[in-house]
1. Arranged from highest to lowest average of other beta-carbon atoms within 10 Å per residue, in what order do the peptides 161-174, 587-600, 106-119 appear?
2. Which Cα, out of Leu457, Leu479, Gly514, lies furthest along the positive dipole direction of the range 436-515 (beta carbon charges, K/R +1, D/E -1)?
3. Nearest 0.05, what FRET efficiency do Val241 and Gln441 give at R0 = 41 Å with Cβ-Cβ as r?
4. Taking the Cα atoms only, what angle lies between the long axis of helix 581-599 and the longest principal axis of the chain, rounded to 10 degrees?
5. How would Val386, Val5 rank on accessible area, largest to smallest, probe 1.4 Å?
6. Report the Cα centroid-to-centroid distance between the range 6-60 and the range 290-305 in angstrom, as an integer.
7. Going by average Cβ neighbours within 10 Å, how do the peptides 186-193, 308-315, 78-85 rank, with the highest at the top?
8. Cα centroid distance between the range 420-450 and the range 100-123, in Å?
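The values are calculated or read from the model by the stated rules, or taken from the named source; none is laboratory data. Everything quoted here is computed from the prediction, not taken from an experiment. Cβ sites come from the backbone with ideal geometry, for glycine too, and all protein chains shown count toward neighbours. Note: accessible area is taken over every heavy atom of the protein model, side chains too, but ligands, DNA and RNA are not part of it. Shrake-Rupley method; radii C 1.70, N 1.55, O 1.52, S 1.80 Å.
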Amino acid sequence: MCGIVGYVGKQKAAPLILEGLKRLEYRGYDSAGLVLLENGRFTVAKKIGRVANLETVTAPLPLPGHHGMGHTRWATHGGVTDANAHPHVSSDGRIALIHNGVIENYSKLKAFLLGKGYTFVSETDTEVLCNLIAYHYAKEPAAAAGDSRFVNSVRKALGHTEGTYGIVVMATDAPGELVTARKGSPLILGLGDGESLVASDVAAIVSRTQNVVYLKDGQIAHLTATTFAITTQNSGTVDPVIDKVTWSIADAEKGAYAHFMEKEIFEQPAALENAMRGRFSEDGSTAQFGGLNLSAGEFRGIERFMFCACGTALHACMVTEHLIERFARIPVECDYASEFRYRNAPLFRNTLFFVMSQSGETIDTLAALREAKRKGYKVLAVNNVVGSSIAREADGGIYQHVGPEVGVASTKAFTSQLLIGAMLALYIGRLRDLSFGEGVQIVRALKGAPDLARRALQQADHIRGIAQRYAHHTDMLFLGRLALFPIALEGALKLKEISYIHAEGYPAAEMKHGPIALVSEQCPSVFFAPSGEMLNKVVSSMQEIKARKGPIIAIVTADVELPAGLADETIVIPECHEAVLPIVASIPVQLLSYYIAVARGCDVDKPRNLAKSVTVE
Ligand code: M6R
């Protein structure tokens, strides 16, 4: 959603801020802006639309200074206008602020500030916080030794604030200083060579430094080009941990690919290798994970699992549910994190919670995690972003290790979640009834996943051709059974989010209980028809669609021969074990959605209205 980047150092700040903002574009936004400080004066520029628009308006400006910050805004309070874009400057001109999050008590604070003579030019909650900091700054005595007027005024203002924030603040009296604070919105400090940076996402700063500090909730950092100090909202001091980012800037660039989504689809074989590396036992019969923080004995005592997530990650949970129930025979429940957090579900004792989140910042998933912990349950996380809020707040977990995923439509993160889910099911199964032989078979199958994914990707040209023939449709159904039902949901989500075609996923047999009313020559159905116990049933569902003149795109395993003329298009994927099938079956629907979106001229990596990580409710 919103993005933050701040810089103080030896270089001209503006080009670095603009570059950082471009690297944050993938998170989704509707306006962008920057502020620079030179000779006690702010230079501010903001513009609705893309960062390119901001570049156009700033191109003729001198853009002085080695100290500044920029923001990409995804509107919450106030419409998409230049005035509502960040940065905001206090009405006394002394404080500038960029902010991710929502200040919930902003109307009360605004009334207070209006009474004190502060004025407002935007409709945002951020401008209220900016003036509140200015109010405390004006009241704060000039700094005593070892004290900072600037930091204290931010701390005091935040003390009166309800809601969530990741902020960066500049003051005209404090050249070369940035103050930054977080509560519920990620912030990372970058410690470079004679320069300091702050960003909401590592991608914005990794070209300058790989030494980072992940700021925690309730912490306030004070940065200069060569120093940084972290304190808490209660004025306590913090011993910071400096981490090293393990990926490089090349990982966050699209290289020769047309879109990040395309690159990430084709990266899946390598991503799967990375997600499984070092995670199988020596005897080759089970999986092992380093960070679960739960002993095998404790796992054996678990009688139920509960998975919470949003969007694509929830689909990965649903596949995991299926596999845990198959391999370990333990009941599993999946829930939308956004529903779980409010519905006060009755929970069983001895339930272990899992949340899945690529970004680790999805606010609903984080809230579900907190709700489960509040009720006394342990929560483990499957997550891709090291140091994310979810990774930090969970009791343990499994990192996906697939590198940055930039495309808004999740692809490699999804299939790695499927892989980790299958490994988890294997691990739990082997602690219970799953035999050594069955374990060995599953391990072999999982180790073969990268190669199977590679073979599925070889269908890309064939799928592009199909996409071109079907791109004009406005409705599409995705139908699958058992573990491929969630993949049908995922196919429908993928298609609608990037191509804006209305699509729905259903269990194939459920189709005749309603969705069949949609079927016509104008509404194609994508069927998953792998070999196995359900094939005949799926073929019957296909016949029902065909009888109503619905076009059929069938995704079949190589050993399946469908009745002649049943499918209008056929995509063949390799035969594989049920633990791997959801991964392999995902690839054709990712490619189909991608090529359809391209054929329709859609902005694949930045679909309208969407954000890469949804950090507001
Ligand atoms: O970062 P998360 O995995 O928590 O994100 C959850 C969803 O917002 C995300 O999967 C969303 O559905 C994607 N755009 C799907 O492609």
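1. Peptide ranking by packing, descending: 587-600, 161-174, 106-119.
2. Leu457
3. That pair, Val241 with Gln441, gives E of 0.45.
4. 60 degrees
5. Largest accessible area first, the residues go Val386, Val5.
6. 47 Å
7. Descending mean neighbour count gives 308-315, 186-193, 78-85.
8. Computed from Cα coordinates, the inter-centre distance equals 56 Å.
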